[in-house]
Structure formats: structure tokens, C-alpha cells
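K.L.:
Got a structure for you, questions after.
The values are calculated or read from the model by the stated rules, or taken from the named source; none is laboratory data. Just so it is clear, the model here is predicted, and its values are computed rather than measured. Please note: Cβ atoms are built from the backbone with ideal geometry, for glycine as well, and neighbour counts cover all protein chains shown. Calculation scope for accessible area: heavy atoms of the full protein, side chains included, ligands and nucleic acids excluded. Shrake-Rupley method; radii C 1.70, N 1.55, O 1.52, S 1.80 Å.
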Amino acid sequence: MASVDKGAAPAIELRAVTKRFGAQTAVSELSMKVPDGSIFGLIGPNGAGKTTTFSMIAGYLSPTAGDVYVLDHRPTAVDALRGKVGVLPQDALLPANDRVGDFLTYLARLQGIDEGRVADEVKAVLAEVDGADWGPRRCGQLSHGMAKRVGIAQALLGQPRVVLLDEPTAGLDPRVAFEIRQVLAKRRGKTTLVISSHNLQELEEICDHAAILDRGALVLAGTMSELTAAAEEVRFSLARGPVPEEQVRAIAGVRAVAWDKASRELEVAFDKAECDAEEMIRRVLVVLLAEGARISGVSKGRGLEQRVMELT
Amino acid sequence: MPRVTSQIGLTAAREIRKNLKSTKGIALFVLFMLGGLGSLAVMRGFKWLVESATRTQPPPEVMREFKLNALTEAYGATTAKYLVDCPGMLYTQFQLTLFFFPLLILLVGFDVIAGETQHRTFRYLVVRAPRAAITAGKALGLWAATSAMLLVLFVTSAVAALADGEPAGAVVSWDLRLWAFAAVYGAAYVGLTTLTSSLVRTPIIALLSGFGLVVVLGIARFVLLVAKLDWATWIFPSTYDKWLLSPEPKHLLSAIAVLLAWGGACLAAAVEVVKRRDV
């Protein structure tokens, strides 16, 4: 799997960005960096400022204060960024009377794809979203799920370096949502993806970095491991039987042990300088098995959903 | 071809296809044609009534004298002598066009920007091309589509004039000229429609605002004329219809320049509005 080059310049950078709509502040002094080649999640409850932040990165809205840079250019530098940025906006309708193929062809030409490659490019992106035979259909006749997939297809035209996706799998059935996640995951390392979504499980699955926003401000940002403390905590689900808390507490590197009776989860916080999560899992399993504990599940970290609930 | 020119061209071509193929565009074109052909039918009917009442066809030289006197009253001697050879049907069609063409442009184009803003389809475009190019392309497409509709009407009028016995050379020459003058006249209203559409977020408000603006411009000009403030009417595009029909190159070229400048200024304002607004 391609990994993110931590030394490279960020693909997207926000510096003290503020956006006000009249008296209301939607985003306040937001600073964050999106590493080049990463799959970056924008997380937060309703009203957190995700879509406003997303729209500023896409160039739809201008910040009231602060600076936004995409590939070292302001988002409004369309000429410099043409073909390098693809966007799936959340609430933009496709033009009802246009045929899917005609609309994608127009967009492909508008962004400067060579005339000789346009038809192939349109076919390729439609095939990627499982819509290869949708070209002749009118956009107004598409179901919600089909329209969403066409929206994703247009965002992928021309293999852009940065793709911004606002709620890419909202309203899609589980099978199609899974396939879309595979399409996005394939681009890891080659394309910088920014995904704004309420589906935390999905974000935890495919993102390697994320930012948690709340009430217009940044709460926490970092790698998914950092956000979920996956490098510092491991959890064991135990069925009815012995729970050797003291013996686990005595393991080298363990900082704290907590037993949640209600969920029957043993939470083990450890010093990541002492060992990694996999080694700690091994050490704890040895103790649990020796003490006769009945193990029904093992996981790293706290879970993104739980983390977001704690922080927002 | 420079990138921005091809983007304007692409957007214009899409706008033309949209306007000529959409249900709204086709319906408005049919109504426009019916209106135009209806007026021709009324004129022909009137001529038949006169001939029936007098039981004779007036001699051509009498008709020409009558026409020259009427044109002199409206335009002055120089332009009258120039216009007297214009087939009556085409001249009447042109005058009606000056009234109805701005309304056609408004009805076809009121959602040229507002429609994209309301449904946020602009968001697919503004990451691919400068907003100025998109706006200019849409305005150009609107002008081309409505001018094409107008051409069909003028060609039909030419056929009617030929059927009425008008000389072919005069019909073809005057028909093309009058169509071109009307298209240039329409440029001013294409700019105005695009500006109105860019200022509001919903198409229905754009339609009502545009219609209101056309009415206000008409009333304002009328009031100024009644008040004998003719000098103030030069800011209105509808003042230049007489110069479009003038045989003097300086008047014709001035009219063309002013009308195109009017449309261009409105388009430039629309571009600024679109550039600055959050989409």
C-alpha cells in the first residue's frame, strides 16, 4: 500500500481561516494541513463547519479571513488548478435535461482534457462507478444513488491530484457504498482525497488522517491512529468468566487497565514507547489465556465514533 | 485557440443546444413564430380589405408616395428615401421585433445564471473554468440561440414577402439587413437579462425582475419623451432603432457600437457579480 510522505508539502493548507455569514460565525480561526496523497476525513456534528470548510477549499465560498491553499494555489486560481482538483459537492443537482454522457463530456472538455481522450475518459469514470450504460440517460431521470455516482464520476474525470467529496456514500445502498469505498481506497498514495461524512465507521475504515470540527473550530487533527488512540490502547471483549485485571496491570508497559462491566470490555492503555499495539495484544493475550479468560474480540483504539462523542 | 476562448465557446455551444432543444425553448419559439406570422397575416388581411373596399388595387406609384410620406414623417427625408424600397412586410416585422425580441430574450434566458445558482450546478463548472468565461459563454449562447430563432422568423417573412410579389433582390437584401440589425439590438437585452439573472438566486425572481426592468425602461423613456427631454433618452437602447435604419454609416455604426456596448457593460457587471458571489 502506498504511504503518505510525511516530508512532502501538504496538498491542502488552511491558515487561520474564518467564515462569517452575517452575524453568524460558521468557521473560526481554523488551521489544518492535509498531507499529500492521504485520505483525509472531515468529521463533526451538524453545524460543525464541515461543509463550509469544504466549500472554501473547493473555491465555492471565500473566507472572511485567513488563507486557503490547494496545491500551493488559492482555490480561486482556476487556471492553475484546472484538471488537478475534482469536487463532489453535497447539494448540487445535476442539470435535469442534460444526458449523462453529454454533461460529462462537456465537463471533461471544459477542464481541458484532450479532445481525443474525452470519450475514453468519460467511459472510464462511468465504468468506475458502475454506470457504464448511463450515457444516454437524462440526469433528471436518475435515482438518488445513480445521481450520486455520476457526481463521483465527474469528480474523478482526468485523474485529478486532489478530490474533495462531500458525503460520497450518503443514500447509497450498502453494496454500492462498499464499491465506492474501494474506488476511493485504490487512489491512496496517488490522489489526495478529502471526505466529509457523517459515516464515522466508513471514515475510520478508509481514512488515514482526519480532523474533528465542532462549532466552527478544530478540536483535534492527526492520523487515524492518533485520533482513535490505536497506538496507545487495546480492548478485549470477554465473555462470562475470569477477568484477570491485576495480572494484566502487572504487564510491562501497561499504564492503566479499566474493566467496563456493562459492555464486558477490558481497556488497556499502554506506553507506546515500550511496545507497539500488536506486541501489547500478544502480551495481554498470553495472560488472559493463562488465567482462563474467554476472549470474544480484540480491537485497537477507542473507535472513531466514541472518540468523536467524547470530543464534541 | 486560447483556453478561455474555447471555454466560452464550449459553454455557448451547450447553451445553444439547451435553448433550442428544451421544451421551454421550443414552446417560446413556436409562440414567437405564431406571433410573427400572425402579424404578417393581419397585414395581408388588411391589404385585402382595402383592395376589396376600393374594388381596385391602388397604382404602385401612389402606394410608394404614400409610403414615402409616412416614412418621412417618422424618420426624416434621408432615411425615408432609403427605406421606401424596403418591402412593407419586412419593415413591419422589424418594428414588431423591436418590441417582442427583448421579451423573447428574457423568457428564454431569465434562468441563464439564476437556474445554475438555484440548483448549485454552477459548482460543477467553477472548478473547471473561470466564472467570467462561464458567464460570457452563457450570454453568448443565449444571444446566438435567440438570434437563430429570429432568423427563422425573418426567413419566413421573406417567403411571405416574395409570395406577395415583392422583388426578390430587395427581399433578400433587406431581410438579412433587418435580421442583423435586430440581432444587434437584442445584444443589449441579452446583457440586461444576464445581469438580472446573475443578481438573484431564483429563476422566477429573475424573470419578474427582468420583466419589471424592461417595463420600467420603457415607461421611463416614454416619460422623458413626453417631457421633451429627448437628450436623456440616448441612454436607452430602444432609442437607437432609428439609427439602425439610417443610410448614414456614422449613425448605423454608432447605433451598433452603443447597443453592443450596452450589452457588453451589462455582461461585464454580470461577470463581476458572479465572480464575487458565493456559489
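K.L.:
Would you mind telling me which numbered condition in (1) out of contact with any Pro (no Cβ under 7 Å at 6 or more places or on another chain); (2) at pLDDT below 95; (3) open to solvent by 30 Å² or more (accessible area, probe 1.4 Å); (4) within 9 Å of chain A (Cβ to nearest Cβ) B:ARG120 fails?
P.N.:
Of the numbered conditions (1) out of contact with any Pro (no Cβ under 7 Å at 6 or more places or on another chain); (2) at pLDDT below 95; (3) open to solvent by 30 Å² or more (accessible area, probe 1.4 Å); (4) within 9 Å of chain A (Cβ to nearest Cβ), the odd one out for B:ARG120 is (1).
K.L.:
Further, regarding this structure: If A:ARG235 meets every condition in (1) open to solvent by 60 Å² or more (accessible area, probe 1.4 Å); (2) of a type in the set (Lys, Arg); (3) in contact with a Ser or Thr (Cβ under 7 Å, 6 or more places away or on another chain) apart from one, which number is that one?
P.N.:
(1)
K.L.:
Could you please let me know if A:ASP67 is within 21 Å of A:ALA9 (Cβ to Cβ) and either out of contact with any Phe, Trp or Tyr (no Cβ under 9 Å at 6 or more places or on another chain) or not in a helix (DSSP H, G or I) (or both)? Give the derivation first.
P.N.:
Values: within 21 Å of A:ALA9 (Cβ to Cβ): yes; either out of contact with any Phe, Trp or Tyr (no Cβ under 9 Å at 6 or more places or on another chain) or not in a helix (DSSP H, G or I) (or both): yes.
Answer is yes for this residue.
K.L.:
When you check A:LEU81 against the structure, is it more than 14 Å from chain B (Cβ to nearest Cβ) and aliphatic (A, V, I, L, M), yes or no? Give the steps one after another, and end with the answer.
P.N.:
Values: more than 14 Å from chain B (Cβ to nearest Cβ): no; aliphatic (A, V, I, L, M): yes.
For A:LEU81, the condition - more than 14 Å from chain B (Cβ to nearest Cβ) and aliphatic (A, V, I, L, M) - is not met.
K.L.:
Go through the residues of the stretch B:65-86 one by one and say whether even a single one is open to solvent by less than 50 Å² (accessible area, probe 1.4 Å) and more than 25 Å from B:HIS251 (Cβ to Cβ).
P.N.:
Taking every residue of the stretch B:65-86 in turn, none turns out to be open to solvent by less than 50 Å² (accessible area, probe 1.4 Å) and more than 25 Å from B:HIS251 (Cβ to Cβ).
K.L.:
When both residues are 6+ apart or on different chains and their Cβ atoms are under 7 Å apart, which pairs have a first residue that lies in the stretch A:142-158 and is open to solvent by less than 10 Å² (accessible area, probe 1.4 Å), and a second that is polar (S, T, N, Q)?
P.N.:
Matching pairs, first to second residue: A:LEU157/A:GLN111.
K.L.:
Looking for something open to solvent by less than 40 Å² (accessible area, probe 1.4 Å), over 14 Å from the mean Cα position of the chain (by Cα) and either closer than 19 Å to A:LEU304 by Cα or among the β-branched types (Val, Ile, Thr) (or both) - is there at least one such residue anywhere in the stretch A:204-219?
P.N.:
Yes: one or more hits.
K.L.:
Filter the stretch A:127-142 for residues that are in contact with a Gly (Cβ under 9 Å, 6 or more places away or on another chain) and among the small types (Gly, Ala, Ser) and give the result.
P.N.:
A:GLY135
K.L.:
Let me ask something additional. Please work out if A:ILE57 is in contact with a Gly (Cβ under 9 Å, 6 or more places away or on another chain), within 12 Å of another protein chain (Cβ to nearest Cβ) and either in a helix (DSSP H, G or I) or open to solvent by less than 30 Å² (accessible area, probe 1.4 Å) (or both).
P.N.:
On the way: in contact with a Gly (Cβ under 9 Å, 6 or more places away or on another chain): no; within 12 Å of another protein chain (Cβ to nearest Cβ): yes; either in a helix (DSSP H, G or I) or open to solvent by less than 30 Å² (accessible area, probe 1.4 Å) (or both): yes.
Taking the combined requirement at face value, the residue does not satisfy it.
K.L.:
Within the stretch A:20-41, count every residue that is open to solvent by less than 10 Å² (accessible area, probe 1.4 Å) and under 15 Å from A:PHE54 (Cα atoms).
P.N.:
Applying the first criterion (open to solvent by less than 10 Å² (accessible area, probe 1.4 Å)) to the stretch A:20-41 yields A:27, A:30, A:34, A:37-41.
Subset that is under 15 Å from A:PHE54 (Cα atoms): A:27, A:30, A:34, A:39-41.
Residues in the stretch A:20-41 being open to solvent by less than 10 Å² (accessible area, probe 1.4 Å) and under 15 Å from A:PHE54 (Cα atoms): 6 in total.
K.L.:
List the helices (runs of 4 or more DSSP H) that sit entirely inside the stretch B:50-154 and contain at least 2 residues that are closer than 30 Å to B:ALA268 by Cβ.
P.N.:
It comes to B:88-109, B:114-118, B:122-125.
K.L.:
Working only within the stretch A:271-298, note down all residues that are in contact with an Asp or Glu (Cβ under 9 Å, 6 or more places away or on another chain) and within 24 Å of A:CYS207 (Cβ to Cβ).
P.N.:
Just the residues of the stretch A:271-298 that are in contact with an Asp or Glu (Cβ under 9 Å, 6 or more places away or on another chain), to begin with: A:271-272, A:277, A:280, A:297.
Selection gives A:LYS272, A:ALA277, A:MET280, A:GLY297.
K.L.:
Out of A:ARG109, A:ARG117, report the one residue that is part of a helix (DSSP H, G or I) and away from chain B (no Cβ under 14 Å).
P.N.:
That would be A:ARG117, the only listed residue that is part of a helix (DSSP H, G or I) and away from chain B (no Cβ under 14 Å).
K.L.:
Also, I was wondering about something else. From the list B:LEU178, B:LEU162, pick out the single residue that is touching a helix residue (DSSP H, G or I) at 6+ places or on another chain (Cβ under 9 Å) and open to solvent by 10 Å² or more (accessible area, probe 1.4 Å).
P.N.:
B:LEU162
K.L.:
Any idea which residue in the stretch A:60-77 is nearest to A:GLY216 (Cα to Cα), counting only those that are loosely packed, with under 15 Cβ neighbours inside 10 Å and in contact with a Lys or Arg (Cβ under 9 Å, 6 or more places away or on another chain)?
P.N.:
A:ALA65
K.L.:
Out of all the residues in the stretch A:120-130, which are outside any helix (DSSP H, G or I) and surrounded by 20 or more Cβ atoms within 10 Å (Cβ to Cβ)?
P.N.:
Scanning the stretch A:120-130 gives a single hit, A:VAL129.
K.L.:
Show the residue pairs that are 6+ apart or on different chains and have beta-carbon atoms under 6 Å apart, the first residue being within the stretch A:255-266 and under 15 Å from A:ARG302 (Cβ atoms), the second being part of a loop (DSSP other than H, G, I, E, B).
P.N.:
If the second residue must be part of a loop (DSSP other than H, G, I, E, B), the pairs left are A:ARG255/A:ASP271.
K.L.:
How many residues does the stretch A:174-226 contain that are without any contact (Cβ under 8 Å) to a residue 12 or more places away in the chain and within 27 Å of A:VAL125 (Cβ to Cβ)?
P.N.:
Adding up the residues that qualify gives 5.
K.L.:
Right, something else. Check whether at least one residue in the stretch A:262-284 is under 23 Å from A:ASP208 (Cβ atoms), exposed (fewer than 13 other Cβ atoms within 10 Å of the Cβ), hydrophobic (A, V, I, L, M, F, W, C) and not assigned by TED's automatic domain parsing to the domain that holds A:ASP208, and report yes or no.
P.N.:
yes
K.L.:
Looking at B:GLY9, B:GLY36, can you tell me which residue is out of contact with any His (no Cβ under 6 Å at 6 or more places or on another chain), within 14 Å of another protein chain (Cβ to nearest Cβ) and touching a residue at least 60 places away in the same chain (Cβ under 8 Å)?
P.N.:
Checking each option against the conditions leaves just B:GLY9.
K.L.:
Still on this structure: Quick one: is B:ARG44 in contact (Cβ under 8 Å) with a residue 40 or more places away in the chain, surrounded by fewer than 15 Cβ atoms within 10 Å (Cβ to Cβ) and either basic (Lys, Arg) or touching a Cys at 6+ places or on another chain (Cβ under 9 Å) (or both)?
P.N.:
Judged against the criteria, B:ARG44 is a match.
K.L.:
Given the structure, is A:ARG109 free of Cβ contacts under 8 Å to residues at least 12 places away in the same chain and among the basic types (Lys, Arg)?
P.N.:
yes
K.L.:
Still on this structure, please answer the following. If you take the residues in the stretch A:88-106 that are open to solvent by 30 Å² or more (accessible area, probe 1.4 Å) and closer than 10 Å to A:GLY151 by Cα, which one is farthest from the other protein chains (Cβ to nearest Cβ)?
P.N.:
Once the filter is applied, the top-ranked residue is A:GLN90.
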